[in-house]
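Single-structure report; data block below.
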Amino acid sequence: MVEKTPLGTFWPSLYEPFRQFGGKLADWVAPAAEASSGEDAYRITMELPGVAEDDIQLTVENGVVAVRGEKKTEREEKGDTWYFSERQYGSFQRSFRVPADADEAKVSADLKDGVLTITVPRRAPAEQGGKRVQITKG
């Protein structure tokens, strides 16, 4: 007698390699990032191992910090047979909305050991107590 396998148990195993591939692709397309807030600035750090500084474009516009880039790989080795490769390359893009008190004109960035650190200073808080308005005679 042939035992029937429920359809639900067969299909997940068939698609599992594609799910894993999609997850790995998504991990690279959107590199890992952290955001934090200090008294004087906001900081965003992104892991970009193997990405050259010249291959990263950082823009700030309309309250959004955008990071775009490309990880390139070049390899030519004659005589070797490759069985697998886990090296990744391709384009990526991440965008971050910054709070209203961010000073977009003073954003800075630093790339060290494959980690990009973006610093977005806070603007000085407006004077408290309001502003006195002079009344003129008309």
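The values are calculated or read from the model by the stated rules, or taken from the named source; none is laboratory data. None of the values given here were measured: they were computed from a predicted structure. Because the Cβ atoms are built from the backbone with ideal geometry, glycine has one as well, and the counts that use them run over all protein chains shown.
Summary table below
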| read-out | value |
| --- | --- |
| Residue list for segment 30-46, restricted to those being surrounded by 14 or more Cβ atoms within 10 Å (Cβ to Cβ) and closer than 11 Å to residue 92 by Cβ | 31, 33, 46 |
| Output for segment 42-63, where each listed residue is under 18 Å from residue 122 (Cα atoms), touching a Lys or Arg at 6+ places or on another chain (Cβ under 9 Å) and modelled with pLDDT under 95 | 63 |
